[in-house]
1. What's the total number of residues in the stretch A:289-322 that are at pLDDT 90 or above and farther than 18 Å from A:Lys386 by Cα?
2. Here is a list of conditions, (1) in contact (Cβ under 8 Å) with a residue 12 or more places away in the chain; (2) of a type in the set (S, T, N, Q); (3) out of contact with any helix residue (DSSP H, G or I) (no Cβ under 6 Å at 6 or more places or on another chain); (4) closer than 24 Å to B:Leu235 by Cα, and B:Thr143 meets all of them except one; can you say which number that is?
3. All but one of (1) within 11 Å of chain B (Cβ to nearest Cβ); (2) crowded, with 20+ Cβ neighbours inside 10 Å; (3) farther than 28 Å from A:Ile30 by Cα; (4) without any contact (Cβ under 8 Å) to a residue 24 or more places away in the chain hold for A:Pro303, so report the exception by its number.
4. On the given criteria, is A:Phe329 under 14 Å from the mean Cα position of the chain (by Cα), in a helix (DSSP H, G or I) and either within 14 Å of another protein chain (Cβ to nearest Cβ) or free of Cβ contacts under 8 Å to residues at least 24 places away in the same chain (or both)?
5. Out of the residues in the stretch B:364-397 that are out of contact with any Leu (no Cβ under 8 Å at 6 or more places or on another chain) and of a type in the set (Phe, Trp, Tyr), which is farthest from B:Thr63 (Cα to Cα)?
6. Could you say whether any residue in the stretch B:42-62 is more than 19 Å from B:Val425 (Cα to Cα), out of contact with any strand residue (DSSP E or B) (no Cβ under 6 Å at 6 or more places or on another chain) and assigned to a helix (DSSP H, G or I)?
7. Does the stretch B:213-272 hold any residues that are among the hydroxyl-bearing types (Ser, Thr, Tyr), assigned to a helix (DSSP H, G or I) and within 11 Å of chain A (Cβ to nearest Cβ), and which are they?
Amino acid sequence: MIWTIVKREMLDYMKSAKFLIGLGITVILITLSTIININDFKQRQQDYLNAQQEMKGDRFYVQVYRAPQVLSTLVQGKDRKLGNSLQMTYLGLPIRTSGFMGQYVSEHHRYLAGFEAVDFAFVVRVVLSLMIIFLAYNAISEEKFHGTLRLALANRLPRDQLLLGKFTGGLIVVVGSLLVSAIIAFLIMLLHPAISLKGSDWIRLLLMLGASAIYLVTFYTLSLFISVVINRPSIALMILLQLWIFLVIIYPNMGVILSEKFYGLPSEKELAQRKDAAFQPYEEEYKKANEAFSGAIRSGGRPSTEVGLRNMELTIKRAELSYQVDKEFSNRLSHQMKLAQAISILSPAVVYDQVMDRLGRTGMDEFERFMDGVYRHWQKHIERSKLLYKDRAAYVKAQLPDFTYPSETSSRCFVVTLPQWLILVLFSLIFFTLAYTAFLRKDVR
Amino acid sequence: MITVIKRELLDHLQSIQFIVLLCICIVLFLANGMISVKRYNQQVSFYNEQVSSIRQHPSTIMTMLYREPNQLSFVVEGGDKYRPYGYTLKQKGVLDAMPSGPRNFKLPEIPELDWSFIIKVIFSLYVILLGYNAISGEKEQGTLRQILSNSMGRIKVLVAKYIAILLTALVPLVTGVVISLIIVGIFVPQVLTLINVSRVLLMLLLTLIYLSLFAFLSLLFSSLILRSSLVLLILLAVWVLFAVIIPNTSGILSQSFSRVPSEYQTAKMIGPMIQQQVWARIKKISERVDKGELKTEEEVKKESDRAFNEGQDELIKHYKSYEDAMKQRAIMAENLSRLSPTALFQYASENITQTGTKREENFLNDARNYAHIYDNYILEKLGKLVGTSMWSFSTDMMIGGKSVYIGSPWPQEYQGDKSDFPQFVESQPSVARSLRDALFDIAGLIVWNLVLATLAFSAFLRADVR
């Protein structure tokens, strides 16, 4: 019996104009956005490869480039916005990357900041979730409104089977729509010569598909619940649309605003004072060493090994202490971000974004891993720079190893995002349980 | 007609979507007022601190030009948080932007909770929710036939429904606006000047034009399609296209379409430029020293100064052309996004309230004008100008067996009385000029209205109401 209901529901959904229009819009959007994003990725990848070859830096200025992520074609996250380039010297290390024109000069973000990207994650988060609401808002309310619910339940059909049948039928359509969209996006990626996917990328793509499915099921079960509770379909739709606006647009923004309000950041002046205070114990010695070094240069000679080395060591000490203050500030920025995420945890859209960014390697965690790698590279650069005074011949010979940083395995990524997966599942379970209980207690007359 | 308007209005005011919209508006405008007041006070205190510091320590090496905090940022923030809060002005009119962007780059980028966001996203959506079943709903229930069987013409019915939708939307809008203005008026009363109030009134008029477009759009589809749920689906698809997809994709599309060099291509030029303009010439000077053509330290410094100066000028030009290229790209993105009425509304409201790109442009024009005054002041005091870029150069040369330090020239600080140091004052464009700047976008919105109104009336006049 349940399969009859499932089949009928599926047929009803798939024959409906709203499903066909919704799916049409989704397919067009996914196709266009994936093609646009792949072309953008191709350009960024080419710039990255060219920069590695053509803008290598020298022994004083060391250039490090951040490769664009292939999965940014589906989840842009912060990948385009954070910049791809970083310049380090033994005099200092910035705490963030910039565009190719360098820190404080790159204008890309400034001029195009207001323009976001449309990608697979966006289409699922906004367009498909809206479509799901449209599909399911009248699943029960319409039957009740037209009196067919009473007729259906007048047969030997238990209520739970009817609801499960409707749920399963709708679920298959929802997951089916997602699959169609995902297959189109994956096929475009597979067939495009600029994209080369590794095994781990495929695992991540499958996980993205899973996360998207759970996200959509959350909205589906929410719609089912409202449809059970509210008798008039038009009111059910209104309530669902208000909830959607709140959960997808308003609430996530509130999280950021509140975190900025409740978690203060030190001013630039305070940071400068902390840096000065950290270097204070070495200040006197540094002045002397620097004076000795400059004096040797001014007199036309070369500074002695001891003078040169001590001057460099203290310069490095200052850079290291300054970096520690900046790093502490960077940690505070991360805490503020985490607070915003924690405040918005009740929004499925925010939780979904967190999972997708991590899976696409386009979130802040990937950036932090990159920056940790940059710090280790900087340490090697400092060691090499010290050779200038310790052993000049060794300095001339010493080559910095190519910059790398450890990548996160797919399984690790899954484990780390497990709480977010569970939250999405929990939302679905709660809404389904509520819908189920409400339906069992519902007056169907 | 008044009766129909009254009936429609009553229906809307009793509807659940109106109550929810009213509640959401009160919360959002309340939040807008409170957040804006706090931010404005912080910006004013920072601005005053910086300006007073410049006045106390005027410098001929470089000076800072700060943007005055925008009093109407609570109406339209216009992306100011991504723009530098000021520029460093160096000699020869070199303007370097100060750091820009939100301090916490790790936070998700969210739209500013200003009036323009609330109107362009929330209100446009609610106008759709109010109007999607204006015709199709009546037709589904069979009441449309009854209304039209009276002596009332179809045009009058449609006009009445249109007016009712707009009036319903106006109630929460005016409530919200008043709440926001009360908060701003209490905590920062200096903001409510006559000019600002007139700009706010213009903004409300613009809002009416913008919302009217969505009312016509809803009436058009409601007349064309019989089923209300289908009308709503199509309208929401159009809304997503206008409010989200077109404005957002235009940024990435402009990169594909614009022919200006990319950031990477521009960055790649710096190395060879330095090699050719500076180090190749320094090498030639060194060769001339070796050949004995340049004998004294003075001769060498004169030649190297010229080489460094010309190199700096080239670099300054290069950075300028990079900035122009990025601006071109942003202008292209803006123009592409103008396909969407939501973007037209955003740009028009930025112009009316003097925020956004136009404000930045005006500020830079003022800064360039001031740069001439600043240069003239330095010429008067010191007699020469030295251009500096992001780069500085230094080397040493052996002249007559002695190592001589050769460095790129550095601007000098005037040590005398600087009480006549010129002050930078940002000009305030008149309301008429702001309106002129916004004219193109307003015209675009009016065209959208005219086209959609014509289509809506034509569709309703031809509709089969049985």
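The values are calculated or read from the model by the stated rules, or taken from the named source; none is laboratory data. Here the structure is a predicted model, which is why all the values come from computation and not from measurement. In this analysis, Cβ positions are derived from the backbone assuming ideal geometry, glycine residues included, and neighbour counts consider all displayed protein chains.
1. 1
2. (1)
3. Result: A:Pro303 fails condition (1) only.
4. In short, no.
5. The extreme case among them is B:Phe393.
6. yes
7. Of everything in the stretch B:213-272, those that are among the hydroxyl-bearing types (Ser, Thr, Tyr), assigned to a helix (DSSP H, G or I) and within 11 Å of chain A (Cβ to nearest Cβ) turn out to be B:Ser228, B:Ser229, B:Thr249, B:Ser250, B:Ser254, B:Ser256, B:Tyr264, B:Thr266.
So that you can scan it fast, the table gives a plain yes or no per residue for (1) assigned to a helix (DSSP H, G or I); (2) out of contact with any Gly (no Cβ under 6 Å at 6 or more places or on another chain); (3) not charged (D, E, K, R):
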residue: B:Lys301; (1), (2), (3): yes, yes, no
residue: B:Arg306; (1), (2), (3): yes, yes, no
residue: B:Tyr322; (1), (2), (3): yes, yes, yes
residue: B:Lys327; (1), (2), (3): yes, yes, no
residue: B:Leu339; (1), (2), (3): no, yes, yes
residue: B:Thr342; (1), (2), (3): yes, yes, yes
residue: B:Glu361; (1), (2), (3): yes, yes, no
residue: B:Asn365; (1), (2), (3): yes, yes, yes
